[in-house]
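Peer 1: Take this structure first; my questions come after.
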Amino acid sequence: MRSEYCGLVNRDHLGRTITLCGWVHRRRDHGGVIFIDLRDREGIVQVVSDPDRAETFRTADRLRNEYVIEVRGMVRERPAGTVNPDLPSGGIEVLAETISILNTALTPPFQLDEENLNENVRLEHRVIDLRRPFMQRNLRLRYRAAMAVRRYLDGHGFIDIETPMLTRSTPEGARDYLVPSRVHSGEFYALPQSPQLFKQMLMVAGFDRYYQIVRCFRDEDLRADRQPEFTQIDVETSFLDQAGITHIMEDLVREVFREVLGVTLPPFPRLAFDEAIARYGSDKPDLRVTLELTELTDVMKEVAFKVFSGPANVPGGRVAGLRVPGGAALTRGEIDGYTEFARAHGAKGLAWIKVNDASQLNENGLQSPIVKNLSDAALRAVIERSGAENGDIVFFGGDRAKVVNDTLGALRARIGHERGHAVSGWKPLWVLDFPMFEWDEEGRRWNAMHHPFTSPADGHEELLQSDPGAARAKAHDMVLNGWEIGGGSVRIHRREVQAKVFAALGIGPDEAQSKFGFLLEALQYGAPPHGGIAFGLDRIVALMAGVDSIRDVIAFPKTQRAQCLLTRAPGAVDERQLRELHIRLRQADRK
C-alpha cells in the first residue's frame with residue numbers, strides 16, 4: 001500500500017510522488033492550510049493539505065489523532081524558516097494529492113509525547129504506550145542487540161537449539177511455575193527457570209557449542225530488574241576452561257555494544273568475590289562510583305560502643321565504614337534520610353562521624369554522638385584507614401556481615417551518584433572465585449551460591465565434605481554499571497563430584513535420583529568438560545537504552561505483583577477446565 005516509510009522520506013525524494021501509510025500524530029489548521037504529522041515506526045513526516053484539492057481538504061479536516069490514513073502526494077522542500085533539524089524528514093514535506101481514512105480511533109488515554117506518565121496507566125494501555133517513540137526506540141534497540149548476539153555466536157560456531165518449555169520441577173533456587181497435566185492426574189510440569197540441565201545434556205550429546213535466546217520463568221519477588229518471565233542469552237560450550245569461556249563471552253558483549261551503540265567498552269577487570277564484598281559491599285559493584293568501604297572489624301573489638309564491639313566479636317559479624325568526601329556539609333535531615341534508607345536494607349540504624357579537624361581525635365575535632373564511646377586507637381584507625389580529611393563524613397555499619405554489606409553497598413551507590421562521586425560511561429568487570437555454598441540461617445543448611453551443577457575450584461573437591469564453607473567455585477559473573485548482566489560457571493562433568501555436591505547440599509541419593517536422575521545418567525556416558533553463561537537480554541538492553549526498569553524494554557511486561565494489566569492475567573478459569581485438570585479449589589483460594 002505504501003512506497004516509503006514516513007520517517008525515511010528525505011531530500012532524495014524531492015519531486016517524487018509517493019504513497020505513505022501511518023497514524024495521525026498531530027493535526028494543525030493554520031489559516032486554511034492543514035498540516036498533518038504522519039507517523040509510522042520509522043518516524044514522522046509533515047503532510048500538507050490545501051484547499052485547492054477540495055475533497056482531500058475535507059478529508060484532512062476530519063482527521064483526529066491516531067486515525068490510520070493513506071496519503072499520496074509529491075515531496076517538496078519546506079519553505080525557508082520552517083525546517084525542523086530534529087527530524088530526518090525535517091527539510092521536506094509532502095503535498096497531499098489524496099488522503100484515505102483507513103480507520104478511525106478513539107481519543108487515546110494519553111498523548112504519545114506526554115511525559116511522567118503513571119506506569120500502571122501505561123501498562124493498562126500498553127498497545128498505545130508501545131506507539132510512543134520512546135518505546136519504539138527501545139524495542140528496536142532490543143531487536144538489534146539480539147541480532148548482534150546471533151551474528152557473533154553464529155560466526156563462532158555456536159548452534160541455536162531449542163529446549164523444552166514443559167519440563168520437570170527441579171530445585172534450582174527460585175520457585176517454579178507449575179503447569180498441571182490433564183493426562184497424568186495429580187502430576188505437574190514446570191516452566192523452566194533456565195535450560196541449565198538440557199544444555200549440559202546437549203554437551204554430553206556432542207553438540208559442543210550451543211546457544212539459545214530463550215524465555216525463562218521464576219516465581220520470585222519482583223523489582224526493577226526482574227520479571228516472572230524474562231529472556232536469557234543462554235550459552236554452553238565444551239572443551240574450554242574458565243579463561244576461555246570468559247574471553248569469548250567478553251568479546252561477545254564488546255561486539256554487541258560496538259555494533260548496536262558504536263561504543264568500545266573499556267577493559268574488563270577481574271575481581272575476586274571476597275575482594276568485591278570487602279571493598280564495595282556487593283558482588284555486582286558499580287565501578288563508576290569512586291567510594292569504597294573501610295574494614296574496621298578488628299579495631300572495634302575492644303571499644304565501649306556495643307553496637308560495634310558486639311558484631312566485631314562474633315563469627316560472621318562485620319564493622320565497616322564508608323567515607324564520603326565533603327560529606328560534613330550534609331544536614332541532619334539529609335543524614336536522617338540516609339538512615340531510613342539503611343533501615344530499609346536491614347540495618348538497625350546508621351552511625352556517623354563528621355570530620356571537622358582530623359588532627360583532634362576527640363569531640364573537638366570529630367562531631368558525632370558516638371565519638372565519646374570510641375577509643376583513640378579506634379578513632380585513629382578510622383581516620384587513617386579511610387583516608388578521611390577535614391570536611392568529610394564517615395558512615396558506619398555494624399551487624400551481621402550480610403546486613404553491613406547490603407546496607408553500605410547500597411548506600412555507597414546512592415550517595416556516589418547523588419553527591420558527585422561517580423564517573424560517567426561504562427564500567428564492566430568479571431567477578432570470580434565465588435564460594436560454592438552460602439549458609440541458610442533459617443534452614444540450617446548449605447545452599448548453592450549459583451546452582452548445584454557448578455564445578456568446585458581445582459583442589460577444592462575434598463572441602464565439599466570437610467569444610468563446605470571454604471570451597472570455592474569455578475563461577476563467573478559479568479557486571480556492568482552495577483547490574484549483573486550475566487552469570488555462569490564451569491560445570492561438573494563427573495558423576496562422583498556431582499554426588500559430593502549433592503551430599504553437601506543435603507540432597508540424598510534417592511532425592512538426587514528422583515530429581516536429577518536423567519542428568520546423572522547422562523554424566524556416565526562420556527560427559528566432556530564444559531561450561532557456559534547466561535546473559536540477561538532484558539538487563540543488557542535496559543542499560544543500553546538508559547532506562548531504570550527492564551519493563552521499558554519488554555513489549556508486554558508484568559507489574560511488580562506479577563500481573564499483566566493489559567490482559568488482566570492471571571485470571572480465574574471455569575469449573576470445567578479445573579475438572580479436566582483434576583483440580584479442586586478450596587474456599588479460601590476463591591477469595
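Peer 1: Considering only residues that are open to solvent by 40 Å² or more (accessible area, probe 1.4 Å) and not in a strand (DSSP E or B), look in region 28-49 and name the one that is nearest to residue 136 (Cα to Cα).
Peer 2: For region 28-49, the residue satisfying everything is 41.
Peer 1: Mind checking which pairs have a first residue in region 397-415 that is under 15 Å from residue 308 (Cα atoms) and without any contact (Cβ under 8 Å) to a residue 60 or more places away in the chain and a second that is open to solvent by less than 10 Å² (accessible area, probe 1.4 Å) and assigned to a helix (DSSP H, G or I), Cβ under 9 Å, 6 or more apart or different chains?
Peer 2: none
Peer 1: Here is a follow-up. Taking the conditions exactly as written (under 29 Å from residue 254 (Cβ atoms) and either over 21 Å from the mean Cα position of the chain (by Cα) or modelled with pLDDT of 95 or more (or both)), does residue 149 satisfy them or not?
Peer 2: Against the criterion (under 29 Å from residue 254 (Cβ atoms) and either over 21 Å from the mean Cα position of the chain (by Cα) or modelled with pLDDT of 95 or more (or both)), residue 149 qualifies.
Peer 1: Ok, one more. Which numbered condition in (1) touching a Gly at 6+ places or on another chain (Cβ under 8 Å); (2) within 16 Å of residue 385 (Cα to Cα); (3) surrounded by 20 or more Cβ atoms within 10 Å (Cβ to Cβ); (4) not basic (Lys, Arg) is the only one that residue 299 fails?
Peer 2: Result: residue 299 passes all but (1).
Peer 1: In region 348-359, which residues are within 19 Å of residue 324 (Cα to Cα) and assigned to a loop (DSSP other than H, G, I, E, B)?
Peer 2: 349, 350, 356, 357, 358, 359
Peer 1: Find all pairs meeting these conditions: Cβ atoms under 8 angstrom apart; at least six residues apart or on different chains; first residue within region 289-306 and more than 30 Å from residue 425 (Cα to Cα); second residue assigned to a helix (DSSP H, G or I) and polar (S, T, N, Q).
Peer 2: 300/309; 301/309; 302/309; 303/309; 303/373; 304/373; 305/373
Peer 1: Tell me which residues, restricted to region 158-186, are within 23 Å of residue 488 (Cβ to Cβ) and touching a Ser or Thr at 6+ places or on another chain (Cβ under 9 Å).
Peer 2: Those that are within 23 Å of residue 488 (Cβ to Cβ) and touching a Ser or Thr at 6+ places or on another chain (Cβ under 9 Å): 158, 172, 176.
Conditions tested, residue by residue: (1) without any contact (Cβ under 8 Å) to a residue 24 or more places away in the chain; (2) in contact with a strand residue (DSSP E or B) (Cβ under 7 Å, 6 or more places away or on another chain); (3) open to solvent by less than 20 Å² (accessible area, probe 1.4 Å).
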site: 51; (1), (2), (3): yes, no, no
site: 57; (1), (2), (3): yes, yes, no
site: 80; (1), (2), (3): yes, no, no
site: 88; (1), (2), (3): no, yes, no
site: 92; (1), (2), (3): no, yes, yes
site: 113; (1), (2), (3): yes, no, no
site: 120; (1), (2), (3): no, no, no
site: 130; (1), (2), (3): no, no, no
site: 148; (1), (2), (3): no, no, yes
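Peer 1: Taking the criterion of being over 30 Å from residue 315 (Cα atoms) and open to solvent by 60 Å² or more (accessible area, probe 1.4 Å), would at least one residue in region 219-237 satisfy it?
Peer 2: Yes.
Peer 1: Same structure again: Across region 537-591, which residue is nearest to residue 235 (Cα to Cα) among those that are of a type in the set (S, T, N, Q) and either assigned to a strand (DSSP E or B) or open to solvent by 100 Å² or more (accessible area, probe 1.4 Å) (or both)?
Peer 2: So the residue we want is 560.
Peer 1: Starting from residues that are free of Cβ contacts under 8 Å to residues at least 60 places away in the same chain and open to solvent by less than 50 Å² (accessible area, probe 1.4 Å), keep the ones in region 238-256 and report whichever is nearest to residue 205 (Cα to Cα).
Peer 2: Of everything passing the filter in region 238-256, 244 is nearest to residue 205 (Cα to Cα).
The values are calculated or read from the model by the stated rules, or taken from the named source; none is laboratory data. Keep in mind that what you see is a predicted model, and the values were worked out from it rather than measured. All Cβ positions, even for glycine, are placed from backbone atoms using ideal geometry, and neighbour counts span all protein chains on display. These area figures cover heavy atoms from the full protein model, side chains too; ligands, DNA and RNA do not enter into them. Shrake-Rupley method; radii C 1.70, N 1.55, O 1.52, S 1.80 Å.
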